[in-house]
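Have a look at the structure below before the remarks.
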Amino acid sequence: MSQSSDIQQQLSELRELINQHNYRYYALDDPSVPDAEYDRLMRQLQQLEEEHPELISADSPTQRVGAEPLEGFSQIVHEVPMLSLDNAFSSEDMQDFDRRIKDRLGNDDDITYACEPKLDGIAVSLLYREGVLERGATRGDGAVGEDITHNVRTIPSIPLKLLGSGFPSVLEVRGEIYMPKAGFNALNERAREREEKLFVNPRNAAAGSLRQLDARITAERPLEMCCYSVGVVDGGDVASSHHDILYQLQSWGFRINGEMRLVVGIEACNQYYQELLMKRADLPYEIDGIVFKVDDLPLQQQLGFVAKAPRWAIAHKFPAEEEMTQLLGVDFQVGRTGAVTPVARLQPVFVGGVTVSNATLHNSDEIERLGVRVGDTVVVRRAGDVIPQVTKVLLDSRPEKTESIKFPQLCPVCDSPLERVEGEAVIRCTGGLLCDAQQKEAIKHFASRKAMDVDGLGDKLVEQLVDEKLIENAADLYALTAEQISGLERMGEKSAQNLIDALQKSKSTTLAKFLYSMGIREVGEATAVNLAKHYGSLPALQSASLEDLLEVEDVGPIVAKHISDFFANEHSQQLLDQLKAAGIHWDDVERPSNDELPLLGSTYVVTGTLSAMGRTEAKERLQALGAKVAGSVSKNTACVVAGPGAGSKLSKAQEFGIKVIDEEEFLALLDQYNG
Ligand code: IVH
């Protein structure tokens, strides 16, 4: 063999191998080698190509990013138009859709539907000739789009060359390019640090990234593509059902949606819709509804199209997560740690499934960034259980009279001066526990369910107790009498006695809950558990040095400093003494030996709903056996406990081949060690 064909051989083997790894990583979410090995192969290929530039081909994995920006975008005509979908907004609309299909087919048999999330991104078309990516284009108006080949080439989940065999010689693949939530948040976080303009939502970020003339910018954006149909097919065939086509696409190197399901009948479609609605917030990408498609291609053909949408598909929309409304004013709220948060008072608006009349404006930098004024029309976003936020001002609809928003100089509650720590965005009240607002928030936190769990002591009641000067701190709660409580508005003798009983009951707690209830900055539930486990008793923790604290899992220098400041503070010491005198107690955690921690070293993930206990308890029980409990599934997860309603975490575990146990097996596991 000549030297050059030998090198050619080496190059194609390397490219093939890298493409395979790429596919496992980006299309299947199932990496086959560690990142370091992948990087090594890439460097090897780069080096070989540098030595033999004449052998570089456009479909080589090194050639994703071009060197020079384009002058402009050229237009392309879609040979097969890219259609849109009709929308359904209720299960009745879905019944009607199903009815129309059956009537048109003249057959009352249940239809098999393919259900898949409606990704909120940008629709694109990819054209492959002889298995090589030739052109990428936006949907545009469905008939004419823009050529974005240079940009789609940079997206790692889009194959430059198809894998496997059996694909038609001309194949147009369609799908959605989107930015996953995590990538979007990281991108905005970086933009915020650099004081650059933020993206309003992942969809806009994806659109903006594809609209770049310079592909080097696109290459840095965390974009993915998920494929959902084919367009032009020539010189070969594709399968005769929608779901089979998707699996074919997957085998040729594309990413398809792991949530895709086949169901029979419209009732099952509505059930799938409800399931995904529950999962919506946990999915790693944004979706705005579910697309239902008649699965059988001959049936699709029989049904045909109306205007610009097929009769055989429909999008059942989720409640919108963004709406516009008026900003009526801004209140400044003081939190537990003194942080002053501007809160937008809004003309009530229905968004994300609830009526919203307040939304956070975060801090003064954010107000400046948004350029928002009272009277403006703003976009409010409420995604999942995240607190509603103002994300944008619609300047085109700015009325003539608007007012600027002035951040107060003094604490709006206690008049203490406000301070801004260098390098931090938050402005804090310096009043400490002398500030009524901080006092109230600290007591609410103390009484909350995951802290001391004082049943029946809600936010309103805490506010009344402080306002009536009956209590100043958490320890004062335990000195309250039934008479004092029953004298309050809307409290009778019975509810007063109930509260006294609940307070009594709360006195018996655990060290972890007690530590959490102190509201030490940055000490959440998990850190409190780690501290309790590590030190076993309060005195041991109190006498720990900063270096000592750094030994505790998840405790870094900042948290360590907050903990040590807390215990050094005179007010905290008094509070601790007072609480002890009131009779708060717990059993010191005996630091178990390793053989009492049978799950030491394994990471568990709990997902879905369990009937015997909440997820918090499940987590604590696992931690008590030495397990680490993580919030997301990774290669390091040992086992996933999955109750009904488990979503993406379960599918990820299944994809990774990680052990999954149901509630029954989980309870048996606990029994086995505790029995
Ligand atoms: S199918 C003929 N499937 O929704 C059917 N569309 O209003 C063509 N979309 O422009 C579309 N996820 O951008 C289909 N799983 C999915 C989708 C999806 C998102 C978008 C797509 C299209 C729009 C239709």
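The values are calculated or read from the model by the stated rules, or taken from the named source; none is laboratory data. In this text the structure is predicted, and so the values were computed from the model without any measurement. Virtual Cβ from ideal backbone geometry, glycine too; neighbours counted across all protein chains shown. SASA here: full protein model, heavy atoms, side chains in, ligands and nucleic acids out. Shrake-Rupley method; radii C 1.70, N 1.55, O 1.52, S 1.80 Å.
Taking 0.36 nm per residue of separation and subtracting the current Cα-Cα distance, fully stretching the chain between Lys507 and Phe407 would add 31.9 nm.
Averaging the Cα positions of each part gives two centres, and for region 272-299 and region 454-520 these lie 46 Å apart. Pairs spanning more than 25 Å between alpha-carbon atoms, out of Lys505/Lys619; Lys460/Lys533; Lys392/Lys561: Lys460/Lys533; Lys392/Lys561.
Counted over all Cα-Cα pairs of region 376-421, pairs farther apart than 18 Å make up 58 percent.
What separates the Cα centres of region 407-450 and region 131-147 is a distance of 54 Å.
Whenever you get a sec, compute what percent of the accessible area on region 521-675 sits on carbon and sulfur atoms (1.4 Å probe).
47
No disulfide-compatible partner, judged by a Cβ distance under 4.7 Å, exists for the following cysteines of the chain: Cys115, Cys226, Cys227, Cys269, Cys639.
Shown in residue order for region 316-333 are the 3J(HN,Hα) couplings computed by the Karplus curve 6.51 cos²θ - 1.76 cosθ + 1.60 at θ = phi - 60°: 8, 7, 7, x, 4, 9, 9, 9, 10, 7, 9, 8, 8, x, 10, 9, 10, 9 Hz (x for Gly and Pro). Computed over the Cα atoms of region 608-675, pair by distinct pair, the Kirkwood hydrodynamic radius stands at 12.3 angstrom. Using every pair of separate Cα atoms, the Kirkwood estimate puts the hydrodynamic radius of region 383-500 at 17.5 angstrom. As a fraction of the 1.4 Å probe accessible area of region 181-295, surface on carbon and sulfur atoms comes out at 47 percent. For His78, the amide hydrogen comes within under 5 Å of the amide hydrogens of Val144, Gly145, counting only partners 5 or more places away or on other chains and with H modelled in the peptide plane.
For the chain, state the average projected area of the convex hull of the C-alpha atoms over all orientations, rounded to one decimal in nm².
Answer in nm², one decimal: 38.4.
Rounded to the nearest whole Hz, the Karplus-based 3J(HN,Hα) values (6.51 cos²θ - 1.76 cosθ + 1.60, θ = phi - 60°) of region 510-521 follow the sequence 10, 4, 4, 5, 4, 4, 4, 5, 6, x, 5, 4, with x at glycine and proline. Note on region 4-27 and region 607-675: Cα centroid distance 39 Å, given to the nearest whole angstrom. Residues Glu483, Glu259, Glu322, sorted by accessible area with the largest first, give Glu483, Glu322, Glu259 [1.4 Å probe; ligands and nucleic acids excluded]. For the chain, the longest principal axis of the alpha carbon atoms and the long axis of helix 525-535 meet at an angle near 60°. Computed on protein heavy atoms with a 1.4 Å probe, the accessible areas place Asp453, Asp103 in the order Asp103, Asp453, largest first. Computed log10 I(q)/I(0) for region 544-583 at 0.14, 0.15, 0.23 Å⁻¹: -0.38, -0.43, -0.72, from the Debye equation with unit scatterers placed on every C-alpha and solvent omitted. With θ taken as phi - 60° and the Karplus curve 6.51 cos²θ - 1.76 cosθ + 1.60 applied, the whole-hertz 3J(HN,Hα) list for region 36-48 is 4, 5, 4, 4, 5, 5, 4, 5, 4, 5, 4, 5, 4 Hz, x standing for glycine and proline. Shown here is the pair-distance distribution of region 122-271: with all Cα-Cα distances grouped in 10 Å bins from zero up to the longest one, the shares run 11, 37, 31, 17, 4, 0 percent. Taking amide H atoms as placed 1.01 Å from N in the peptide plane, the amide H of Asp453 lies under 5 Å from those of Ser448, each 5 or more residues away in sequence or on another chain.
At the residue level, Tyr535 shows approximately 20 square angstrom of accessible surface with a 1.4 angstrom probe and all protein chains present.
Size descriptor for region 559-675, Kirkwood hydrodynamic radius: 16.6 Å (Cα pairs only, one decimal). At a 1.4 Å probe, what is the % contribution of carbon and sulfur to the accessible area of region 322-374? Percent of accessible area from carbon and sulfur atoms in region 322-374: 45. With protein chains left intact and a 1.4 Å probe, residues in the chain average 50 Å² of accessible area per residue.
Beta-bridge orientation, the chain: approximately 80 percent antiparallel, per DSSP, counting only bridges with both partners inside.
DSSP beta bridges confined to region 550-675 are antiparallel in about 0 percent of cases.
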